[in-house]
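K.L.:
Below are the structure tokens for one structure; questions will follow.
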Amino acid sequence: MTIKAYGASAGTSPLEPMDITRRAPGAHDVQIDIAFCGVCHSDIHQVRSEWAGTLYPCVPGHEIVGRVMAVGEHVSDFRAGDLVGVGCIVDSCKHCTDCEEGLENYCDHMTGTYNFPTPDAPGHTLGGYAQQIVVHERYVLRVSHPESQLAAVAPLLCAGITTYSPLRHWKAGPGKKVGVVGIGGLGHMGIKLAHAMGAHVVAFTTSESKREAARALGADEVVVSRHAGEMENHVKSFDLILNTVAAPHNLDAFTALLKRDGTMTLVGAPATPHDSPEVFNLIMKRRAIAGSMIGGIPETQEMLDFCAEHNIVADIELIRADEINAAYERMLRGDVHYRFVIDNATLAS
Ligand code: NAP
Ligand code: ZN
């Protein structure tokens, strides 16, 4: 079937309306009417081919929520009318050790929601800036938040799980001091989630204007990282630092804040590398720099349920589909509180 979408035909072109097709739902597929789609910084990196290898036309979007329209004959967990979400993963091999452990995000054959090879036209996946999507049931999540919060649930499907998973893996919780660097889409979720897990949360921002806002999100303390004196107050004190910054920067300024055996986990994925970190900073206190990619499907469901239970959603600015190019420019200026979400109903006009 043909549907309306927003995408780019080249890395140097703005996004524009386009018609795309979706496969007819197979026996294990769920056909979803997309209500809202969040706008992740990864969308910008990929639409503009900053990570190289982008396939065009590129229809981004992997923070998808909506309502089930129809299901294939073998689908038993979902039915028409259910509120559901789809995140960054729409397929994987389903039998490797990663898939068996519910870590489909680390499967060597994971299919991302957009820009990954697929038998469907046009030969690569097309994401959530579209009216509908058809996804294998394994990669569909149940949404139990009230429907009135649906737009603000969308960013949980990437920003939420990408921060939840490392916070859980490195055991954020009571008695732990956790830093969150970069207060954008990911970072603001990191603050809310680490706070809800019971950690002492310190937000690091380059924006003086976010000082009060970060507290309102749940940060116990806020550091404007441009101020050396404020950074100095926190040396050798963190168990975990979650770094969400979308651009290369000096990592040493943050590793110096880790206590012995502390870890800084990088989730920000800049287009060009950071300068090499100072090795002595790591050796002296057995500190670690790690990475983490989104999260598996079972953990994504756990995160959605955790957020519903704790009444956590993203802070969003709802936009029309035709406002997407301006939204990208504002994101690049750090001017969004804290996630743009597309109202997909506006694709119809
Ligand atoms: P975002 O909303 O644009 O937020 C990034 C934040 O980083 C900004 O708000 C800003 O916070 C800070 N920042 C400081 N200097 C910056 C600079 N020169 N350029 C850009 N940001 C700067 O982005 P996001 O959607 O949260 O994504 C953040 C990064 O995570 C991106 O690289 C994205 O591709 C990546 N990502 C990774 C995964 C994963 O699985 N690992 C998943 C999703 C996204 P302050 O104003 O507070 O300084
Ligand atoms: Zn994302």
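K.L.:
Would you mind finding the one in Val75, Val30 that is away from ligand 2 (no atom under 16 Å from the Cβ), among the hydrophobic types (A, V, I, L, M, F, W, C), part of a loop (DSSP other than H, G, I, E, B) and in contact with a helix residue (DSSP H, G or I) (Cβ under 8 Å, 6 or more places away or on another chain)? Can you show your working first?
P.N.:
Details: Val30 fails: part of a loop (DSSP other than H, G, I, E, B).
After applying the criteria, what remains is Val75.
K.L.:
Continuing with this model, one more query. Inside the range 105-214, counting only strands (runs of 3 or more DSSP E) that do not spill past its ends, which hold 2 or more residues that are at pLDDT 95 or above and touching a Lys or Arg at 6+ places or on another chain (Cβ under 9 Å)? Give the steps one after another, and end with the answer.
P.N.:
Working: elements: 132-136, 177-181, 200-205.
Answer list for the range 105-214: 132-136, 200-205.
K.L.:
Can I ask one more? Give the residue, chosen from Gly198, Gly179, that is among the small types (Gly, Ala, Ser), within 15 Å of ligand 1 (Cβ to nearest atom) and either more than 28 Å from Tyr328 (Cβ to Cβ) or surrounded by 19 or more Cβ atoms within 10 Å (Cβ to Cβ) (or both).
P.N.:
On the way: Gly198 fails: within 15 Å of ligand 1 (Cβ to nearest atom).
Going through Gly198, Gly179 in turn, just one is among the small types (Gly, Ala, Ser), within 15 Å of ligand 1 (Cβ to nearest atom) and either more than 28 Å from Tyr328 (Cβ to Cβ) or surrounded by 19 or more Cβ atoms within 10 Å (Cβ to Cβ) (or both): Gly179.
K.L.:
Do any residues in the range 25-52 that are touching a residue at least 40 places away in the same chain (Cβ under 8 Å) have Cβ atoms under 6 Å from those of residues that are within 16 Å of ligand 2 (Cβ to nearest atom) and of a type in the set (Lys, Arg), where the two are at least six apart or on different chains, and which pairs are they?
P.N.:
Pairs found: Gly38/Arg339.
K.L.:
In the range 1-24, which residues are in a strand (DSSP E or B) and in contact (Cβ under 8 Å) with a residue 12 or more places away in the chain? Quick ask: steps written out before the conclusion?
P.N.:
First, pick out the residues of the range 1-24 that are in a strand (DSSP E or B): 2-8, 16-21.
The answer is Thr2, Ile3, Lys4, Ala5, Tyr6, Gly7, Ala8, Pro17, Met18, Asp19, Ile20, Thr21.
K.L.:
Condition first: more than 22 Å from Ile32 (Cβ to Cβ) and within 16 Å of ligand 1 (Cβ to nearest atom). Now tell me which residues in the range 84-106 satisfy that.
P.N.:
Result: Asp98, Leu103, Tyr106.
K.L.:
State yes or no: is Thr263 within 13 Å of ligand 1 (Cβ to nearest atom), under 21 Å from Lys176 (Cα atoms) and either small (Gly, Ala, Ser) or in contact (Cβ under 8 Å) with a residue 24 or more places away in the chain (or both)?
P.N.:
No: the conditions fail for Thr263.
K.L.:
Gly173 fails exactly one of the following numbered conditions: (1) under 22 Å from the mean Cα position of the chain (by Cα); (2) buried (at least 22 other Cβ atoms within 10 Å of the Cβ); (3) more than 30 Å from Ala321 (Cβ to Cβ). What is the number of that condition?
P.N.:
Single failed check for Gly173: (2).
K.L.:
Having 1 or more residues that are under 20 Å from the mean Cα position of the chain (by Cα) and closer than 30 Å to Glu16 by Cα is the bar; report the strands (runs of 3 or more DSSP E) wholly within the range 233-349 that clear it. Lay out the reasoning, then the answer.
P.N.:
Working: elements: 238-243, 258-266, 288-291, 316-319, 339-343.
Because the criterion is at least 1 residues that are under 20 Å from the mean Cα position of the chain (by Cα) and closer than 30 Å to Glu16 by Cα, the strands (runs of 3 or more DSSP E) in the range 233-349 that meet it are 316-319, 339-343.
K.L.:
Does Leu186 meet the test of being within 16 Å of ligand 2 (Cβ to nearest atom) and either surrounded by fewer than 20 Cβ atoms within 10 Å (Cβ to Cβ) or closer than 14 Å to Ala314 by Cβ (or both)?
P.N.:
Working: within 16 Å of ligand 2 (Cβ to nearest atom): yes; either surrounded by fewer than 20 Cβ atoms within 10 Å (Cβ to Cβ) or closer than 14 Å to Ala314 by Cβ (or both): yes.
It is true that Leu186 is within 16 Å of ligand 2 (Cβ to nearest atom) and either surrounded by fewer than 20 Cβ atoms within 10 Å (Cβ to Cβ) or closer than 14 Å to Ala314 by Cβ (or both).
K.L.:
Then there's this: Being within 30 Å of Val336 (Cβ to Cβ) and at pLDDT below 95 is true for just one of Ala52, Ala35. Which residue is that? Lay out the reasoning, then the answer.
P.N.:
On the way: Ala35 fails: at pLDDT below 95.
Checking each option against the conditions leaves just Ala52.
K.L.:
Going through the range 33-62 one residue at a time, which ones are buried (at least 21 other Cβ atoms within 10 Å of the Cβ) and part of a helix (DSSP H, G or I)?
P.N.:
His41, Ser42, Asp43, Gln46, Val47
K.L.:
Would you say Ala70 is out of contact with any Gly (no Cβ under 9 Å at 6 or more places or on another chain) and more than 17 Å from Thr125 (Cα to Cα)?
P.N.:
On the way: out of contact with any Gly (no Cβ under 9 Å at 6 or more places or on another chain): yes; more than 17 Å from Thr125 (Cα to Cα): yes.
Answer is yes for this residue.
K.L.:
Let me ask something additional. Name the residue that is nearest to the chain's Cα centre (by Cα), counting only residues in the range 103-120 that are acidic (Asp, Glu) and farther than 20 Å from Glu63 by Cβ. Break it down into steps so the answer makes sense when it comes.
P.N.:
The initial filter retains those residues of the range 103-120 that are acidic (Asp, Glu), namely 104, 108, 120.
In the following step, the residues that additionally are farther than 20 Å from Glu63 by Cβ were identified as 108, 120.
Numbers: Asp108: 20, Asp120: 24 Å.
This residue is Asp108.
K.L.:
Right, Val65: among the β-branched types (Val, Ile, Thr), more than 16 Å from ligand 2 (Cβ to nearest atom), within 17 Å of Glu137 (Cβ to Cβ) and assigned to a strand (DSSP E or B) or not?
P.N.:
On the way: among the β-branched types (Val, Ile, Thr): yes; more than 16 Å from ligand 2 (Cβ to nearest atom): no; within 17 Å of Glu137 (Cβ to Cβ): yes; assigned to a strand (DSSP E or B): yes.
Judged against the criteria, Val65 is not a match.
The values are calculated or read from the model by the stated rules, or taken from the named source; none is laboratory data. Just so it is clear, the structure is predicted and the values come from calculations on it, not from any experiment. Positions of Cβ are generated from backbone atoms using ideal geometry, with glycine treated the same way; all protein chains shown enter the neighbour counts.
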